[in-house]
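**Student:** The structure follows.
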Amino acid sequence: MSKKIEEIKTILKKYGQEHLLNHYETLEERQKKELIEQIENINFELINTLYQKTKKEVKTQKDVITPIEYLDKSKLYDDYKHYENIGKKAIIAKKLAAVTMAGGQGTRLGHKGPKGTYDIGLDSHKSLFELLCDNLKAEGKKYGVTIPWFIMTSRENNKATTEFFEKNKYFGYQKDKNIFFFIQGELPMIDTEGKILIGEDGLIKLAADGHGGIYESLVKSGMTQKMKQMGIEWVFIGGVDNCLVKMVDPVLMGIAIEKEVTVACKSAVKANPQEKVGVFCRRNGKPNVIEYSEITEEMAKKTDENGELLYGEAHLLCNLFSVSAVERMGANPLPYHIAYKKATYLDKNGKRIKPDTPNAYKFEAFLFDAFGEVDDMAILRVKREEEFAPVKNADEAGVDCPKTARELYKKFYHLN
Ligand code: UTP
C-alpha cells in the first residue's frame with residue numbers, strides 16, 4: 001500500500017492536489033481504500049482543463065444559429081396514420097424501451113429525497129415515479145407488451161430511489177426483468193483555486209455529471225448491451241419531472257423509422273418569448289438546442305411570415321434515440337458546462353465548512369449537446385397541455401411547480 005501511496009503522492013503533487021491526502025490517516029481502513037480508488041479514477045488533466053475554463057471570460061458566441069424545421073403532430077393529416085402504424089408495429093415487436101433520468105439533485109424543488117418520490121398533491125398522492133409508471137403500464141397494455149423501464153439514478157440518490165421502488169413493489173414491474181437501475185457518472189467539484197474539494201465524509205466531493213452523462217452511463221453500465229440482447233432498438237429518454245411525459249408515442253417512432261433518423265425529439269410552442277426553456281435550432285448547420293440564457297431578446301422575439309416564433313420550439317427533454325445512436329454518443333465525451341454552487345466541504349484543518357454563498361464549481365454535460373453528432377433528426381411539435389407539466393420549482397415560484405403541474409395533470413386526465 002505504501003508504494004501505492006507514494007505513487008499517488010507524486011501524481012497529486014504534479015497537479016497541485018496534495019491536500020487530498022491531508023486527512024488520510026484519520027480515516028478508517030474502508031474509507032482509506034475508497035479514497036485511494038477515487039483518486040486513481042480522477043482524470044486530473046480533465047479537471048485542469050475544466051478549471052482553466054472557469055477562468056476564461058465567456059467568449060462572444062461565434063456560432064451561426066438558424067431555425068430548424070419541424071413537423072406539427074396536429075397537422076400531419078393522412079401521414080398521421082401512416083407513421084402511427086409503423087410505430088405501432090415496432091412497439092408490438094418489443095423494440096421500444098423507456099429511460100427515465102432521475103439523477104438530478106432537484107435543488108429548485110427543495111424536496112428531501114429523490115425528485116421521483118415527490119407527491120405533487122393529487123388525491124391519489126402518487127409520486128412522480130408512480131405517475132410515470134402508470135403511463136407506461138397503460139400504454140403497454142394498449143399494445144399487449146410491457147415496456148422495459150430503465151432508470152438512471154445518481155450515487156447520491158440511488159439507495160433512496162431503489163428503496164422507494166422496493167417499498168412500492170416496483171409498481172407492478174419486475175426488477176431485473178423489465179425494470180433496471182443504473183447510476184450516472186460523477187466528477188469532482190473544485191474550489192475557485194482549482195483545488196478538488198473533500199466532502200464531509202473525508203472522501204472526494206463528487207457531483208453528478210449532468211443529464212448529458214446519460215449516454216456514457218447507459219453504455220458503461222452495460223444497459224445498451226442489455227437492450228440489444230432484449231431486441232430493443234429504440235429508447236425514449238425523458239426526465240423524471242414531467243408528470244405528463246408520453247414515453248410511448250407510435251407517431252414519433254414511426255417518423256424516426258420512416259425518415260431514417262436516429263434521433264426524434266418532441267417540441268412544444270414556447271409559452272412566450274421570455275419563457276425559460278431551451279429551443280431547438282441549428283448551430284453551424286447541425287441540430288442543437290439554444291438555451292434561454294444564450295438567446296438574445298431580438299432572436300427570441302423574431303417571427304416568421306405566419307407570425308410564429310422563429311425559435312419557438314421548446315425542448316421538452318422528450319427524445320427518442322436508436323440504441324446505436326446512444327452507443328455512438330456514449331463513445332464521445334460531451335463538453336462540460338460550468339455551474340457555480342454551494343458545496344459543504346472539509347477545509348485543510350478538517351473543519352466542516354457550510355457556505356452561505358456559492359463556493360465551488362460543478363461540471364455538467366447537457367444531453368442536447370450530442371444532437372450535433374447526428375447527421376439529422378426529426379422534431380415533432382406536440383401540444384404542450386397534453387405532454388408537458390414540469391415540476392422544477394417550489395410552489396412559491398408560481399411556474400413549473402407542483403401546483404401548475406397538478407392542475408395540468410388533472411385537466412388532462414379529467415380529474416376533479
Ligand atoms: P434539471 O437540471 O432540470 O433538474 O434536470 P434537477 O437537476 O432535478 O433540479 P435542479 O436543477 O437541481 O433544480 C432535468 C432532468 O434531468 C435529470 C433530472 O433528474 C431531471 O429528470 N438529471 C439532471 C439527471 O438525471 N442527472 C443530472 O446530473 C442532472
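Table: residues versus (1) touching a Phe, Trp or Tyr at 6+ places or on another chain (Cβ under 7 Å); (2) of a type outside the set (S, T, N, Q); (3) surrounded by 13 or more Cβ atoms within 10 Å (Cβ to Cβ).
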{"site": "Lys354", "(1), (2), (3)": "no, yes, no"}
{"site": "Thr357", "(1), (2), (3)": "no, no, no"}
{"site": "Val374", "(1), (2), (3)": "no, yes, yes"}
{"site": "Pro390", "(1), (2), (3)": "no, yes, yes"}
{"site": "Lys410", "(1), (2), (3)": "no, yes, yes"}
{"site": "His414", "(1), (2), (3)": "no, yes, no"}
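**Student:** Determine if the range 291-309 includes at least one residue that is under 30 Å from Ser221 (Cβ atoms), of a type in the set (A, V, I, L, M) and away from the ligand (no atom under 13 Å from the Cβ). Can you show your working first?
**Tutor:** First, the residues of the range 291-309 that are under 30 Å from Ser221 (Cβ atoms): 291.
Retained after the next criterion (residues that are of a type in the set (A, V, I, L, M)): none.
Scanning the range 291-309, I find no residue that is under 30 Å from Ser221 (Cβ atoms), of a type in the set (A, V, I, L, M) and away from the ligand (no atom under 13 Å from the Cβ), so the answer is no.
**Student:** Here is a list: Leu109, Leu20, Leu12, Leu71. Which entry is under 30 Å from Asn157 (Cβ atoms) and touching a strand residue (DSSP E or B) at 6+ places or on another chain (Cβ under 8 Å)? It would help to see each step written out before you state the result.
**Tutor:** Values: Leu109 fails: touching a strand residue (DSSP E or B) at 6+ places or on another chain (Cβ under 8 Å); Leu12 fails: touching a strand residue (DSSP E or B) at 6+ places or on another chain (Cβ under 8 Å); Leu71 fails: under 30 Å from Asn157 (Cβ atoms).
Of Leu109, Leu20, Leu12, Leu71, the one residue that is under 30 Å from Asn157 (Cβ atoms) and touching a strand residue (DSSP E or B) at 6+ places or on another chain (Cβ under 8 Å) is Leu20.
**Student:** Would a scan of the range 376-387 turn up a residue that is in contact (Cβ under 8 Å) with a residue 40 or more places away in the chain, under 20 Å from the mean Cα position of the chain (by Cα), within 16 Å of the ligand (Cβ to nearest atom) and more than 30 Å from Lys55 (Cα to Cα)?
**Tutor:** The answer is yes, given that some residue of the range 376-387 is in contact (Cβ under 8 Å) with a residue 40 or more places away in the chain, under 20 Å from the mean Cα position of the chain (by Cα), within 16 Å of the ligand (Cβ to nearest atom) and more than 30 Å from Lys55 (Cα to Cα).
**Student:** I'd like to verify a number: residues in the range 100-115 that are in contact with a Gly (Cβ under 9 Å, 6 or more places away or on another chain) and either near the ligand (Cβ under 10 Å from one of its atoms) or at pLDDT below 95 (or both), how many? Explain how you work it out, then say what you get.
**Tutor:** Step one: list which residues in the range 100-115 are in contact with a Gly (Cβ under 9 Å, 6 or more places away or on another chain), which gives 100-104, 106, 113-115.
From what is left, the residues that are either near the ligand (Cβ under 10 Å from one of its atoms) or at pLDDT below 95 (or both) are 100-104, 106, 114-115.
Number of matching residues: 8.
**Student:** Does at least one position in the range 122-134 carry a residue that is at pLDDT 95 or above, assigned to a loop (DSSP other than H, G, I, E, B), surrounded by 16 or more Cβ atoms within 10 Å (Cβ to Cβ) and near the ligand (Cβ under 10 Å from one of its atoms)?
**Tutor:** Let us first name the residues in the range 122-134 that are at pLDDT 95 or above, namely 122-134.
Keeping just the survivors that are assigned to a loop (DSSP other than H, G, I, E, B) gives 122-126.
Filter once more, so that each one left must be surrounded by 16 or more Cβ atoms within 10 Å (Cβ to Cβ): 122, 126.
Filter again for near the ligand (Cβ under 10 Å from one of its atoms), leaving none.
The answer is no; no qualifying residue exists.
**Student:** Out of the residues in the range 358-375 that are closer than 23 Å to Leu71 by Cβ and either of a type in the set (A, V, I, L, M) or within 14 Å of the ligand (Cβ to nearest atom) (or both), state the one that is farthest from the chain's Cα centre (by Cα).
**Tutor:** Step one: list which residues in the range 358-375 are closer than 23 Å to Leu71 by Cβ, which gives 367-368, 370-375.
Filter again for either of a type in the set (A, V, I, L, M) or within 14 Å of the ligand (Cβ to nearest atom) (or both), leaving 367-368, 370, 374.
Working: Leu367: 6, Phe368: 9, Ala370: 12, Val374: 18 Å.
So, considering only residues that are closer than 23 Å to Leu71 by Cβ and either of a type in the set (A, V, I, L, M) or within 14 Å of the ligand (Cβ to nearest atom) (or both), the one farthest from the chain's Cα centre (by Cα) is Val374.
**Student:** Which condition breaks for Met253 when tested against (1) more than 16 Å from the ligand (Cβ to nearest atom); (2) under 18 Å from Pro67 (Cβ atoms); (3) modelled with pLDDT of 95 or more; (4) out of contact with any Asp or Glu (no Cβ under 8 Å at 6 or more places or on another chain)?
**Tutor:** Going through (1) more than 16 Å from the ligand (Cβ to nearest atom); (2) under 18 Å from Pro67 (Cβ atoms); (3) modelled with pLDDT of 95 or more; (4) out of contact with any Asp or Glu (no Cβ under 8 Å at 6 or more places or on another chain) one by one, Met253 breaks only (2).
**Student:** Then there is this: For the range 277-312: of the residues being β-branched (Val, Ile, Thr) and in a strand (DSSP E or B), which is surrounded by the fewest Cβ atoms within 10 Å (Cβ to Cβ)? Can you show your working first?
**Tutor:** Going through the range 277-312, the residues β-branched (Val, Ile, Thr) turn out to be 277, 279, 289-290, 295-296, 303.
This time we only want the ones that are in a strand (DSSP E or B), so: 279, 289-290, 303.
On the way: Val279: 28, Val289: 24, Ile290: 22, Thr303: 12.
Among those that are β-branched (Val, Ile, Thr) and in a strand (DSSP E or B), it is Thr303.
**Student:** Another one. Please give the number of the condition Val58 fails out of (1) touching a Gly at 6+ places or on another chain (Cβ under 8 Å); (2) of a type in the set (Val, Ile, Thr); (3) modelled with pLDDT under 95.
**Tutor:** Here Val58 clears every test but (1).
**Student:** Something else about it: Show the residue pairs meeting these rules: Cβ distance below 7 Å; 6+ apart or different chains; first residue within the range 106-134 and touching a residue at least 60 places away in the same chain (Cβ under 8 Å); second residue among the basic types (Lys, Arg) and more than 10 Å from the ligand (Cβ to nearest atom).
**Tutor:** Taking only residues 6 or more apart or on different chains, the pairs are Ile120/Arg406; Gly121/Arg406; Leu122/Arg406.
**Student:** Then there is this: Considering every residue within the range 203-211, establish whether at least one is more than 16 Å from the ligand (Cβ to nearest atom) and either at pLDDT below 95 or under 30 Å from Asn22 (Cα atoms) (or both).
**Tutor:** Step one: of the range 203-211, the residues more than 16 Å from the ligand (Cβ to nearest atom) are 203-204.
Right, trim to either at pLDDT below 95 or under 30 Å from Asn22 (Cα atoms) (or both) and you get 203-204.
Checked the range 203-211: at least one residue is more than 16 Å from the ligand (Cβ to nearest atom) and either at pLDDT below 95 or under 30 Å from Asn22 (Cα atoms) (or both).
**Student:** Then there is this: Pro355 passes all but one of (1) touching a residue at least 24 places away in the same chain (Cβ under 8 Å); (2) more than 16 Å from the ligand (Cβ to nearest atom); (3) not β-branched (Val, Ile, Thr); which number fails?
**Tutor:** Condition (1) is where Pro355 drops out.
**Student:** What tally of residues in the range 235-249 results from selecting those that are within 11 Å of the ligand (Cβ to nearest atom) and charged (D, E, K, R)?
**Tutor:** Total meeting the criteria: 1.
The values are calculated or read from the model by the stated rules, or taken from the named source; none is laboratory data. These numbers come from a predicted model, not from an experiment. Using ideal geometry, Cβ is built from the backbone for each residue, glycine included, and neighbour counts are taken over all protein chains shown.
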